[in-house]
1. Could you please tell me which pairs satisfy a Cβ distance under 7 Å, a separation of 6+ or placement on different chains, a first residue in segment 84-98 that is free of Cβ contacts under 8 Å to residues at least 60 places away in the same chain, and a second residue that is in a loop (DSSP other than H, G, I, E, B) and within 16 Å of the ligand (Cβ to nearest atom)?
2. I'd like to check which helices (runs of 4 or more DSSP H) are fully inside segment 47-137 and have at least 2 residues that are within 23 Å of Arg176 (Cβ to Cβ).
3. Does Leu190 satisfy the condition of being part of a helix (DSSP H, G or I), more than 30 Å from Glu6 (Cβ to Cβ) and of a type in the set (A, V, I, L, M, F, W, C)?
4. Looking at segment 138-178 only, could you name the residues that are touching a residue at least 12 places away in the same chain (Cβ under 8 Å), in a loop (DSSP other than H, G, I, E, B) and of a type in the set (Lys, Arg)?
5. Suppose we filter segment 43-72 for residues that are surrounded by 20 or more Cβ atoms within 10 Å (Cβ to Cβ), of a type outside the set (A, V, I, L, M) and within 16 Å of the ligand (Cβ to nearest atom); how many remain?
6. Do you know which of the residues in segment 151-185 that are more than 16 Å from the ligand (Cβ to nearest atom) and under 12 Å from the mean Cα position of the chain (by Cα) is surrounded by the most Cβ atoms within 10 Å (Cβ to Cβ)?
7. One residue is enough: does segment 96-113 have a residue meeting the conditions closer than 14 Å to Leu50 by Cα, surrounded by fewer than 21 Cβ atoms within 10 Å (Cβ to Cβ) and away from the ligand (no atom under 16 Å from the Cβ)?
8. Being more than 15 Å from the ligand (Cβ to nearest atom) and surrounded by fewer than 18 Cβ atoms within 10 Å (Cβ to Cβ) is the filter here, so list the residues in segment 115-130 that pass it.
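Laboratory data are not the source of any read-out in this text; all were calculated from the coordinates shown. The structure displayed is predicted, hence computed values, not measured ones. Here the Cβ positions follow ideal geometry from the backbone for every residue, glycine too, while neighbour counts run over all protein chains shown.
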Amino acid sequence: MLDYWERRAKLLDSKREDQKREMMVPGEQVRLASLVEESIVDGPGMRFVLFTQGCPHRCPGCHNPQTHLKHGGRLYSLDQILSLYDQHTACQGITFSGGEPFLQGGPLAKIAEAIHARGGDVITYTGYRYERLKELAKEDEGILALLKETDLLIDGPYIQEKRSLEIPFVGSSNQRLIALTQRGLSLDQLAQFSEFRTT
Ligand code: SF4
């Protein structure tokens, strides 16, 4: 018998494939619900934040339901994003939030690579658990590419019953901050000592 996470993973896999097929995002563009040019609530330090459009997770109590539909939001070229980023020199890096960023792993990985080349760091939120992403990455180059370019991963679905006001930068206590690089380890340590608390 499948356990909860296996059943959830199977359901999400079919939704993810549907969304990826139907979004038809061209290679050098990303579909965003919105972007915030300077934020202090989406990871340690001042951050440039992309809220990606499209999410298969449908967490009850989600704070960003406008990001769920695959056809919403608008398309931005990678050059547009980087040009905006370059105007905000106070930003120490970029955060990909959502929506589900890993639906657009390929183009986001290219943006992340360009941010790294500029000396910035990369935080990626996901409704998937890290273990599941690693499995998916075996068959999905975009997911693999974005995992490789992510310094700090904040993973897991939002669970209303586990809503947390205590842990910095997460919505519910099941979500984890996972450092994927040395730089991510520094971000993780900064987050642990952050005065910021989610509201
Ligand atoms: S993963 Fe995030 S955006 Fe998607 S439904 Fe869950 S809380 Fe909302």
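1. Thr95/Asp42; Thr95/Gly43; Ser97/Asp42
2. 105-117, 130-137
3. Yes; evaluated as a whole, the condition is true for this residue.
4. Result: no residue meets the conditions.
5. 11
6. Filtering segment 151-185 for residues that are more than 16 Å from the ligand (Cβ to nearest atom) and under 12 Å from the mean Cα position of the chain (by Cα), the one surrounded by the most Cβ atoms within 10 Å (Cβ to Cβ) comes out as Leu152.
7. Within segment 96-113, one or more residues are closer than 14 Å to Leu50 by Cα, surrounded by fewer than 21 Cβ atoms within 10 Å (Cβ to Cβ) and away from the ligand (no atom under 16 Å from the Cβ).
8. His116, Ala117, Arg118, Gly119
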